[in-house]
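Here the structure is laid out as structure tokens; the discussion comes afterwards.
Nothing in this text is a laboratory measurement; each read-out follows from the coordinates by a stated rule. Bear in mind that the values here come from a model prediction, so they are computed numbers and not experimental data. Glycine gets a Cβ as well: all are built from the backbone with ideal geometry, and neighbour counts include every protein chain shown.
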Amino acid sequence: MLRVSEGESGRRRRWGVAWLLARARASPSPDSGQAFLRVEHCETNALGDPAWADCERDGNKEALASKHAAFFRAVFAPTLAGALARDSEVERLRAFSDRLESGLKRRLASEPQPINSLAETIVFAKSGES
């Protein structure tokens, strides 16, 4: 069972899989005044890289590098840039993201490889609330 208090659910924007599973193994107290979630199903699925499939088909390493660099920019640049500058420093954040993407394109074009991802699926069921 997973306990999630109202305050905690508001504070945590992203729950990592490890955190969720660790919390799901905790023993909740039924009189705690919290809703409980039970893990009904958990699985990991490997996802292929559609950009790699395109590259294998057409041999365009530059397009592969651009797609992979754009993916990394979208996923990681906001967190990395946030550690370097305030949200109000928009131009500085954008410049960092541009440099990151440009450098990644050069590196990825010289050593093309697929990026195979894992997708975690966890199904929770609400089991009670006070």
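Take the Cα of Arg57, step 7 Å toward its Cβ, do the same at Ala74, and the gap between the two points is 1.8 nm. Bridging of Lys105 to lysines at a Cα separation below 24 Å is possible for Lys61, Lys67, once same-chain residues fewer than 8 apart are set aside. Note on Glu89 and Phe124: the model spin-label points, each 7 Å out from Cα along the C-beta direction, lie 3.5 nm apart.
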